[in-house]
Every structure is written in C-alpha cells, then in structure tokens.
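Asker: Please read through the structure below; I'll follow up with questions.
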Amino acid sequence: MQPSVANGRQAAFPGSDVDILKNYIGGQWVPSRALDTVDVHNPARGVVIAKTPLSTAQDVDTAVQAAKNAFHAWRDTPPVVRARTMFKFKMLLEEHFEELSRLVTTEHGKTLPESRGSVRRGIECVEVACGAPSMLMGYGLEQIATGVDCQVMRQPLGVCAAIAPFNFPAMVPLWFLPFALVCGNTFILKPSEQVPLSQRLIFQLLEQCDLPPGVVNLVNGSREVVEAICDHPGIRAVSFVGSTPVAREVYRRGTHAGKRVQALGGAKNFIVVMPDADLDKAIPAIAESFYGCAGERCLAGSVLLPVGQAHRAARDQMVDAARSMRIGDGVEPGIDMGPVISARHRERVLGYIEKGRAEGAELVLDGRGVRVEGQPEGFFVGPTIFDRVAPSMAIGRDEIFGPVASICPVRDLDQALSLVHAHPNANATSIFTSSGKAAREFARLADASMVGVNIGVAAPMAYFPFGGAKDSFFGDLKVHGRDTFDFYTDKKVTISRWF
Ligand code: NAD
C-alpha cells in the first residue's frame, strides 16, 4: 500500500508546493515546534524541494517520552517477533527500492547507480538485523562452584538515538535503526537537515511494519536537536556520523551525560600505488574512489601516493580517467558524477582548489569551469587533480569532501606509511600492488581501520564492523557487524544457587 503523500508533510505557506517536513513521534506525523526552517535542494537543479524544520529541545523531549513509554512492551516482545518486523521492513524497502533510490539522487545528487548501491547497502543492514535471535544469544557455565551456575543474557538498553550526515541519506541511518530495534531498544533518528526526504519515505514504510507507537521516532532539525539528544537523561546511547569536530563534541557531551556513544568522524584517505601495480585495473578503481559520489564519501580517496616510478603513469592515467567522466544530473543515464550537495559546499571546494594553486601545487586538471547543459543552477564541480602536493598544504591536509585529487609522489612504501601515520584521520586507506609482501606489510601497519588491497573503496559489508581510528572515530564499538549487538545491549550476568 502506498502511503498518502499527506503523511509527513505540511505546506510551507498557503499555495506553496514546497513542504515543511513533519516529525514522526509516538506513531504520528506531527508538526515540529520549530520557528525556523532550512531549505532542502535538488543539487543538480539548484532548486528548493522542501523545508526542514529546525526542531527544538522540547520536540526531542516529546520523542524521548514516546520512546520511553514504548520501551517496556517492546523489550518484552520476543526477539523472533521483533525480527519479523524487520523481514517486513526489508520487503517494503525492496518494493520501494527504485523510488527510494531516485529520492536519494534527487536530494543528494549522486548518480542513480550510486544511489541504488547505497540503498542496497542499507537493506543489507536490515537483512543482518533479521538474524537477531541468533546474534542476541548469551552464554553460560554450570557448576562455576559446587551447586552454582552462571548465565549471561543480553538485554536492551532503553531509548537509543542516531544522528546522520548528508552524504548517504538512506544508508547511514540504516546502519543503526534496524539493529537498535531488533535488540529491543526504542529509537529516535535525526537525519541530516540537508537530506531529510529519504528518511521520510523510510518512516512511511516503517509505519506499515506494525511497530507499536513510540518504538521508532523521527525528529528533523540540526544543532539544537543534536545537543538535546546528547544531554537528555532519558537517552541511553547515541550514534553519530559526521565531521570530526562535531563527532568529537558529540562524544564529549554524550559521554559526559553518562551515555554510551559511538561517533564516526571525517576522513582523509590515502591510496598507495606501488610500481608493480596493474594500472589498467587499478586506475578505474582509484578514479571511482576519488570521484564516486562527487568525492562526498567518508571512504573516498583523497591523496594518491604513487611510489617511485609509478608516479608519471599513475598521474597520466588518472587525468585521462577523470577527463572522460560525464558530469550532470544523476537521474540521467550515462552520468558518471553528479553535483556536490549545496552552493555553499561548492564554494568551499572551489576555495580549496584556489588554495592548492596559491600554495604551489601543480594543477593538472581544473574542474572549476565545468558547465552542465540545461542545468545552469546545479552545484557542479568537475574532477580536479593536483600533482606534487605537500602534506602540509591545505589540500594535502584537510578533508575537502569534493572531487579534488591530490597526488603526492613518494620514494618507497616506508615513506607512504609515514605520511599515512602522520595524518590525524585514519578512516580508510588502500594499496594497489601485485606484491603480497607489500600488501601484507601495508595492511598490518597502516593505522586506518579499513584497509583495501587492490580495492579503491574499502567498505565493510553489514556483517563486518565499520568505523575508523584516531580522529575518524570516537568510541569503542564500531557500526554494524557483531559490534552492533554489543553496542545495543547490556550483558547481564546471573549467578544462581538453589537450596
Ligand atoms: P556534519 O558534521 O556537518 O553534520 C552531521 C550531523 O551533525 C548532521 O545531522 C548535522 O545536523 C549535525 N551538526 C552539524 N553541525 C553541528 C554542530 N555544530 N553541533 C551539533 N550538531 C551538528 O557532517 P556532514 O557535512 O553532514 O557530513 C559530512 C561529514 O561526515 C564528512 O566529514 C564525512 O567524512 C563524515 N562521514 C563520516 C562517515 C564515517 O563512517 N566515518 C560516514 C559518512 C560521513
């Protein structure tokens, strides 16, 4: 059944076809108490398509009360029944796969194949959550002393919340929501205010999953909502994904308030190309890593480290690959790269290109002048390549989160590793080589937590842990995989003796 379009929306002003989004609290779509809104754009066209209300701490409190009220009945619901709601959710996501993928492209700008890939990755999280009855099992030992037994049971925490970034509007919230629910928790999501529409659709599907009111809640907004989530005494655990400064602050503030927090931050990912790499296979994968999703991936390649004589050939082939990309509206067939998220972000990326030039890097491909026919208002930046970048330059140091590649030639693998180690971020890194020894050494010694060997985007699947190290991750337990069942449960130990 297709939900009514009235769900989750209210007209921004009389006669307007741009909606102010509603929140979903206690099983109802309710208007936010917000006094202000943020425009949501279709970044390929540069037009406003909705407005996100900047909800208040009071809205968060209402959601927490609804989630608290729902908790006791939900935790008592057998895990197998909770898992069945996830089977239903998965079925609805499959039925709406194309609609959801198109919505991701509309509000984010990535190409339709990229959106489909990200929605598929999100659905895989729901599939893994369906295995909760097995994953939630505890363990025990009889006769730990004469007549005494010991049992460990996993129990849900209570109300959990997640705060999402703009770059994967459907997928990132699904890193958390299905796992929190199957573990018996109730849940509050705050999507990115820049891309709230995919989650509106996902919550319309959740509405059809027979979840009791208050089990899942959606609060739109930005900073005030995040701060209220961190501070609210009724919330037991917070998951955050976004930039490093905010991740660090959410971790500090949430843990200070006594919560369990996992906060995933920004990235600056290095890709090493050894002289023995098979460039014909490596460069397409590397170009996809740097330019896929317009560089707006936390796993995107950012700095290319060609070793020794790999430099010239790797650079020339990168330039050829980048030049051949078709830039445009991601809903059109044959488009390789869409726009960046906003006019403001476009200005930021262009600012880095200017800084790179000013700091003396060699601009070998300039994406600033790109024009897309029929879309003069789109937030496009063409693929850009700098050669001879020093790690101290802004483009070699900062996360740009756009289609800008920095090439930094190095002598040997040791020098490559020392540059990787010197950077404060440590999300993902990759090596391209035909040497098992070099690959092994790199994978063992690189301090990023996700390592690719002849893989450009080292993205762990839903049944493996996802998350970085150093300033790319604040917390202990990573996202999805087995870690998620530890994050969303407490382990209760019962020691018993019967007289
Ligand atoms: P962001 O940090 O600006 O925003 C993330 C969330 O925090 C949003 O929901 C936003 O509303 C909120 N927020 C923003 N500023 C805030 C503030 N001052 N106080 C409280 N809350 C605030 O990140 P973004 O621009 O939406 O996303 C891009 C960033 O996310 C990049 O740095 C990228 O590397 C990172 N990211 C990391 C991963 C990962 O797995 N490590 C995955 C995806 C994205």
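The values are calculated or read from the model by the stated rules, or taken from the named source; none is laboratory data. Owing to the predicted nature of the structure, the values given are computational and were not obtained by experimental measurement. In this analysis, Cβ positions are derived from the backbone assuming ideal geometry, glycine residues included, and neighbour counts consider all displayed protein chains. Just so you know, the surface numbers come from the protein's heavy atoms only, side chains and all, with ligands and any DNA or RNA stripped out. Shrake-Rupley method; radii C 1.70, N 1.55, O 1.52, S 1.80 Å.
Asker: In this structure, is Gly266 within 15 Å of the ligand (Cβ to nearest atom) and either in a strand (DSSP E or B) or modelled with pLDDT of 95 or more (or both)? Can you show your working first?
Answerer: On the way: within 15 Å of the ligand (Cβ to nearest atom): yes; either in a strand (DSSP E or B) or modelled with pLDDT of 95 or more (or both): yes.
Yes: the conditions hold for Gly266.
Asker: Another question, then. Within the set of pairs 6+ apart or on separate chains, which have a first residue in the range 157-169 that is assigned by TED's automatic domain parsing to the domain that holds Ile235, a second that is of a type in the set (Ser, Thr, Tyr) and within 6 Å of the ligand (Cβ to nearest atom), and C-beta atoms under 8 Å apart?
Answerer: Every condition considered, the pairs that remain are Ala164/Ser192; Pro165/Ser192; Pro165/Ser243; Phe166/Ser192; Pro169/Ser192.
Asker: Do the conditions hold for Ser192, that is, is it out of contact with any Gly (no Cβ under 6 Å at 6 or more places or on another chain), assigned by TED's automatic domain parsing to the domain that holds Ala67 and either assigned to a helix (DSSP H, G or I) or surrounded by fewer than 22 Cβ atoms within 10 Å (Cβ to Cβ) (or both)?
Answerer: Working: out of contact with any Gly (no Cβ under 6 Å at 6 or more places or on another chain): yes; assigned by TED's automatic domain parsing to the domain that holds Ala67: yes; either assigned to a helix (DSSP H, G or I) or surrounded by fewer than 22 Cβ atoms within 10 Å (Cβ to Cβ) (or both): no.
Considered against the rule, which asks whether it is out of contact with any Gly (no Cβ under 6 Å at 6 or more places or on another chain), assigned by TED's automatic domain parsing to the domain that holds Ala67 and either assigned to a helix (DSSP H, G or I) or surrounded by fewer than 22 Cβ atoms within 10 Å (Cβ to Cβ) (or both), Ser192 comes out as no.
Asker: Name the single residue that is nearest to the chain's Cα centre (by Cα) among those in the range 275-296 being outside any helix (DSSP H, G or I) and crowded, with 24+ Cβ neighbours inside 10 Å.
Answerer: Within the range 275-296, the subset outside any helix (DSSP H, G or I) is 275-278, 296.
Restricting the remaining residues to those that are crowded, with 24+ Cβ neighbours inside 10 Å gives 277, 296.
Values: Ala277: 30, Glu296: 10 Å.
Applying the filter and picking the extreme gives Glu296.
Asker: Tally time: how many residues in the range 302-317 are within 16 Å of the ligand (Cβ to nearest atom) and open to solvent by less than 10 Å² (accessible area, probe 1.4 Å)? Step through it out loud before you land on a result.
Answerer: Step one: list which residues in the range 302-317 are within 16 Å of the ligand (Cβ to nearest atom), which gives 302-303.
Narrowing further to those that are open to solvent by less than 10 Å² (accessible area, probe 1.4 Å): 303.
Total meeting the criteria: 1.
Asker: For the range 228-242, which residues satisfy the criterion of being more than 16 Å from the ligand (Cβ to nearest atom) and part of a strand (DSSP E or B)? If you could, list the steps in order and put the result at the bottom.
Answerer: Narrowing the range 228-242 to residues more than 16 Å from the ligand (Cβ to nearest atom): 233-234, 236-237.
Residues satisfying the conditions are Arg236, Ala237.
This table checks each residue for (1) in contact (Cβ under 8 Å) with a residue 24 or more places away in the chain; (2) under 21 Å from the mean Cα position of the chain (by Cα); (3) closer than 17 Å to Leu100 by Cβ.
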residue	(1), (2), (3)
Val172	yes, yes, yes
Ala180	yes, yes, no
Leu205	yes, yes, yes
Gly221	yes, yes, no
Ile229	yes, yes, no
His232	yes, no, no
Arg248	yes, yes, no
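Asker: Same structure again: When the residues of the range 206-227 are narrowed to those that are under 20 Å from Tyr24 (Cβ atoms) and near the ligand (Cβ under 10 Å from one of its atoms), which ends up most open to solvent (accessible area, probe 1.4 Å)? Give the steps one after another, and end with the answer.
Answerer: Here is the first cut: in the range 206-227, the ones under 20 Å from Tyr24 (Cβ atoms) are 206-222, 224-226.
Then drop every residue that is not near the ligand (Cβ under 10 Å from one of its atoms), which leaves 220-222, 224-226.
On the way: Asn220: 1, Gly221: 0, Ser222: 31, Glu224: 92, Val225: 0, Val226: 18 Å².
Top of the filtered list is Glu224.
Asker: Take Ala287 and tell me if it is among the small types (Gly, Ala, Ser) and away from the ligand (no atom under 14 Å from the Cβ).
Answerer: Numbers: among the small types (Gly, Ala, Ser): yes; away from the ligand (no atom under 14 Å from the Cβ): yes.
Answer is yes for this residue.
Asker: Still on this model: With the structure loaded, tell me whether His256 is open to solvent by less than 60 Å² (accessible area, probe 1.4 Å) and either near the ligand (Cβ under 8 Å from one of its atoms) or not aliphatic (A, V, I, L, M) (or both) or whether it fails that test.
Answerer: no
Asker: So is Val273 touching a residue at least 12 places away in the same chain (Cβ under 8 Å), away from the ligand (no atom under 14 Å from the Cβ), out of contact with any Ser or Thr (no Cβ under 6 Å at 6 or more places or on another chain) and of a type in the set (Val, Ile, Thr) or not?
Answerer: For Val273, the condition - touching a residue at least 12 places away in the same chain (Cβ under 8 Å), away from the ligand (no atom under 14 Å from the Cβ), out of contact with any Ser or Thr (no Cβ under 6 Å at 6 or more places or on another chain) and of a type in the set (Val, Ile, Thr) - is met.
Asker: I've got another one for you. Pick from Gly467, Gly452: which is on the phi > 0 side of the Ramachandran plot and within 16 Å of the ligand (Cβ to nearest atom)?
Answerer: On the way: Gly452 fails: on the phi > 0 side of the Ramachandran plot.
After ruling out the rest, the residue left standing is Gly467.
Asker: Select the helices (runs of 4 or more DSSP H) contained entirely in the range 401-499, then report the ones holding at least 1 residues which are out of contact with any Leu (no Cβ under 9 Å at 6 or more places or on another chain) and basic (Lys, Arg). Break it down into steps so the answer makes sense when it comes.
Answerer: Details: elements: 413-422, 436-445, 481-487.
Fully inside the range 401-499 and qualifying: 436-445, 481-487.
Asker: Filter the range 191-205 down to residues that are away from the ligand (no atom under 12 Å from the Cβ) and closer than 17 Å to Asp19 by Cβ, then give me how many there are.
Answerer: So the first thing to find is which residues in the range 191-205 are away from the ligand (no atom under 12 Å from the Cβ), and the list is 197-198, 200-205.
After this cut, where a residue has to be closer than 17 Å to Asp19 by Cβ as well, the list is 197-198, 200-204.
Final tally of qualifying residues: 7.
Asker: Tell me which strands (runs of 3 or more DSSP E) are completely within the range 24-69 and hold 2 or more residues being among the β-branched types (Val, Ile, Thr), or say none if there are none.
Answerer: On the way: elements: 28-30, 37-42, 47-53.
Per the criteria, 37-42, 47-53.
Condition check ((1) open to solvent by 20 Å² or more (accessible area, probe 1.4 Å); (2) closer than 24 Å to Ala285 by Cβ; (3) of a type outside the set (S, T, N, Q); (4) not assigned by TED's automatic domain parsing to the domain that holds Ile395) across all residues:
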position	(1), (2), (3), (4)
Arg323	yes, yes, yes, no
Asp329	no, no, yes, no
Pro333	yes, yes, yes, no
Ala343	yes, no, yes, no
Arg348	yes, no, yes, no
Lys355	yes, no, yes, no
Arg371	yes, no, yes, no
Pro376	yes, no, yes, no
Phe380	no, yes, yes, no
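Asker: Then there is this: Name every residue in the range 86-110 that is out of contact with any strand residue (DSSP E or B) (no Cβ under 7 Å at 6 or more places or on another chain) and either outside the structural domain of Leu211 (by TED's automatic domain parsing) or open to solvent by 20 Å² or more (accessible area, probe 1.4 Å) (or both), in order of residue number.
Answerer: Initially, the range 86-110 is screened for residues out of contact with any strand residue (DSSP E or B) (no Cβ under 7 Å at 6 or more places or on another chain), giving 86-105, 108-110.
Residues satisfying the conditions are Phe87, Lys88, Lys90, Met91, Glu94, Glu95, Phe97, Glu98, Glu99, Arg102, Leu103.
Asker: Here's another thing I want to ask about it. Do the conditions hold for Phe187, that is, is it near the ligand (Cβ under 10 Å from one of its atoms), in the same structural domain as Pro78 (by TED's automatic domain parsing) and not in a helix (DSSP H, G or I)?
Answerer: On the way: near the ligand (Cβ under 10 Å from one of its atoms): no; in the same structural domain as Pro78 (by TED's automatic domain parsing): yes; not in a helix (DSSP H, G or I): yes.
Judged against the criteria, Phe187 is not a match.
Residue by residue, here is whether (1) at pLDDT 95 or above; (2) under 30 Å from Arg344 (Cα atoms); (3) surrounded by fewer than 23 Cβ atoms within 10 Å (Cβ to Cβ); (4) among the aromatic types (Phe, Trp, Tyr) holds:
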position: Ala390; (1), (2), (3), (4): yes, yes, yes, no
position: Val404; (1), (2), (3), (4): yes, yes, no, no
position: Gly436; (1), (2), (3), (4): yes, no, yes, no
position: Asp476; (1), (2), (3), (4): yes, no, yes, no
